[in-house]
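Peer 1: What follows is a single structure, and I will ask about it in a moment.
The values are calculated or read from the model by the stated rules, or taken from the named source; none is laboratory data. Small disclaimer: the values here were computed from a predicted structure and weren't measured. When we count neighbours, we look across all protein chains shown, and the Cβ atoms used for this are built from the backbone with ideal geometry, even at glycine.
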């Protein structure tokens, strides 16, 4: 199928059933127990900085590992897999001295995911598979000072973020992504820079892909790091006319549900949810089993809150298999028709009656 045909197929599929996203790439990479040499491969064997932990780099140095992970999630029933590019911006890669390979990294990651999705689609032509080009939040925040003694200080600007996101989006699109997924948004201003950049690249390349947006809350008040509630966050992002809006990561399904429910009530687009497998234990590991994880998201589906579901930290192909089976019997959430009103957002939403 062409990209245009895949996008049309994605819209049809989303109207017919709850779509299943993949699980945690990082969790799966950890299972390979790679050492420094394992990350470097032959290409970077003499690199002057430590590279262990740069999971995104593996698309260049150990592509067979990333392909195996994609295949495992697709075999488990995922309709959509995400590229291994959560830290694929030049900003994040600069920690390893690799900002110069950001475009190549994203393009190759999208190609790997595209090949895996196409191979799975060939096996199940009645169930085409899709690739989300993943754009993470970077390791910097445009809204909050990293220096408690200088509240006005910022270690990144909007323009710097937009430039890095443009490069990333360009690589993902040219590599074959079907959608762009701006995910784990803790700072709405970062997300605005990402959305601005993606739209610039759409115009530059003459393409327009479905845009998926997924935020995260940072405490039990239900707000993101820049202080917004879920509803206010939606109003801040609504101008991008996203294919979906949702929540991921955070504290597990139970504590993510109120934010997802707020979005489901207000958003006139699809809603996604892909939480962690519970809370991490004292070793930073996730103990929630597939049998515990899937029923919690099944409640989201039963109550008509979601159109797309998946897993974040700690979730494996077994979690996704159990999840796919759990939600298969429920129809997707019906997108509500909203009244034309002035909707504004600061930290709180404001709707003019």
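Peer 1: Given the condition within 17 Å of the chain's Cα centre (by Cα) and more than 26 Å from residue 313 (Cα to Cα), answer yes or no: does some residue in segment 197-208 qualify? Can you show your working first?
Peer 2: Residues of segment 197-208 that are within 17 Å of the chain's Cα centre (by Cα), as a first pass: 197-198.
In the following step, the residues that additionally are more than 26 Å from residue 313 (Cα to Cα) were identified as 197.
Yes.
Peer 1: Separate question: Answer yes or no as to whether residue 132 is assigned to a strand (DSSP E or B) and either surrounded by fewer than 19 Cβ atoms within 10 Å (Cβ to Cβ) or modelled with pLDDT of 95 or more (or both). Please lay out each step first, then the result.
Peer 2: Values: assigned to a strand (DSSP E or B): yes; either surrounded by fewer than 19 Cβ atoms within 10 Å (Cβ to Cβ) or modelled with pLDDT of 95 or more (or both): yes.
Against the criterion (assigned to a strand (DSSP E or B) and either surrounded by fewer than 19 Cβ atoms within 10 Å (Cβ to Cβ) or modelled with pLDDT of 95 or more (or both)), residue 132 qualifies.
Peer 1: Find all pairs meeting these conditions: Cβ atoms under 9 angstrom apart; at least six residues apart or on different chains; first residue within segment 308-321 and on the phi > 0 side of the Ramachandran plot and modelled with pLDDT of 95 or more; second residue surrounded by fewer than 23 Cβ atoms within 10 Å (Cβ to Cβ) and part of a helix (DSSP H, G or I).
Peer 2: 314/27
Peer 1: Let me ask something else about it. In segment 324-342, what count of residues is obtained for those that are in contact with a helix residue (DSSP H, G or I) (Cβ under 8 Å, 6 or more places away or on another chain), touching a residue at least 60 places away in the same chain (Cβ under 8 Å) and under 16 Å from residue 305 (Cβ atoms)? Please lay out each step first, then the result.
Peer 2: Narrowing segment 324-342 to residues in contact with a helix residue (DSSP H, G or I) (Cβ under 8 Å, 6 or more places away or on another chain): 325-327, 330, 332-333, 336, 338.
Now restrict to residues that are touching a residue at least 60 places away in the same chain (Cβ under 8 Å): 325, 327, 330, 332-333, 336, 338.
Next, only the ones that are under 16 Å from residue 305 (Cβ atoms) stay: 327, 330, 332-333, 336.
Of the residues in that region, 5 qualify.
Peer 1: Also: Please go through segment 66-100 and give me each residue that is outside any loop (DSSP other than H, G, I, E, B), surrounded by fewer than 19 Cβ atoms within 10 Å (Cβ to Cβ) and either in contact (Cβ under 8 Å) with a residue 12 or more places away in the chain or within 18 Å of the chain's Cα centre (by Cα) (or both), ordered by number. It would help to see each step written out before you state the result.
Peer 2: At the first step, the residues of segment 66-100 found to be outside any loop (DSSP other than H, G, I, E, B) are 66-75, 80-82, 90-96, 99-100.
Cutting the leftovers down to surrounded by fewer than 19 Cβ atoms within 10 Å (Cβ to Cβ) gives us 67-68, 71, 75, 94-95, 99-100.
Listed by number, the residues that qualify are 67, 71, 75, 95.
Peer 1: Continuing with this model, one more query. Residue check: is residue 109 in contact with a helix residue (DSSP H, G or I) (Cβ under 6 Å, 6 or more places away or on another chain), buried (at least 21 other Cβ atoms within 10 Å of the Cβ) and outside any helix (DSSP H, G or I)?
Peer 2: Values: in contact with a helix residue (DSSP H, G or I) (Cβ under 6 Å, 6 or more places away or on another chain): yes; buried (at least 21 other Cβ atoms within 10 Å of the Cβ): yes; outside any helix (DSSP H, G or I): no.
No; evaluated as a whole, the condition is false for this residue.
Peer 1: Can you name the strands (runs of 3 or more DSSP E) wholly within segment 240-353 that have at least 1 residues being buried (at least 21 other Cβ atoms within 10 Å of the Cβ)? Before you say what the answer is, go through the steps one by one.
Peer 2: Numbers: elements: 244-249, 270-275, 343-345, 349-351.
In segment 240-353, 244-249, 270-275 are the strands (runs of 3 or more DSSP E) which contain 1 or more residues that are buried (at least 21 other Cβ atoms within 10 Å of the Cβ).
Peer 1: Do the conditions hold for residue 138, that is, is it under 17 Å from the mean Cα position of the chain (by Cα) and either at positive phi or free of Cβ contacts under 8 Å to residues at least 24 places away in the same chain (or both)? Working first, answer last.
Peer 2: Values: under 17 Å from the mean Cα position of the chain (by Cα): yes; either at positive phi or free of Cβ contacts under 8 Å to residues at least 24 places away in the same chain (or both): yes.
Answer is yes for this residue.
Peer 1: A follow-up question, please. Of the residues 265, 259, 232, which is out of contact with any strand residue (DSSP E or B) (no Cβ under 8 Å at 6 or more places or on another chain) and in contact (Cβ under 8 Å) with a residue 40 or more places away in the chain? I'd like the intermediate steps shown before the answer.
Peer 2: On the way: 259 fails: out of contact with any strand residue (DSSP E or B) (no Cβ under 8 Å at 6 or more places or on another chain); 232 fails: out of contact with any strand residue (DSSP E or B) (no Cβ under 8 Å at 6 or more places or on another chain).
Just a single option satisfies the conditions, and that option is 265.
Peer 1: While we're here: Out of all the residues in segment 29-38, is one or more under 30 Å from residue 300 (Cα atoms) and crowded, with 22+ Cβ neighbours inside 10 Å?
Peer 2: Restricting attention to segment 29-38, the residues satisfying the condition of being under 30 Å from residue 300 (Cα atoms) are 29-31.
Next, from what is left, pick out any that are crowded, with 22+ Cβ neighbours inside 10 Å: none.
Scanning segment 29-38 turns up no residue that is under 30 Å from residue 300 (Cα atoms) and crowded, with 22+ Cβ neighbours inside 10 Å.
Peer 1: Right, another one. Is it the case, given these coordinates, that residue 34 is under 26 Å from residue 318 (Cα atoms), assigned to a helix (DSSP H, G or I) and either touching a residue at least 24 places away in the same chain (Cβ under 8 Å) or out of contact with any strand residue (DSSP E or B) (no Cβ under 7 Å at 6 or more places or on another chain) (or both)?
Peer 2: Values: under 26 Å from residue 318 (Cα atoms): yes; assigned to a helix (DSSP H, G or I): no; either touching a residue at least 24 places away in the same chain (Cβ under 8 Å) or out of contact with any strand residue (DSSP E or B) (no Cβ under 7 Å at 6 or more places or on another chain) (or both): yes.
Here the answer is no, as residue 34 does not meet what is asked.
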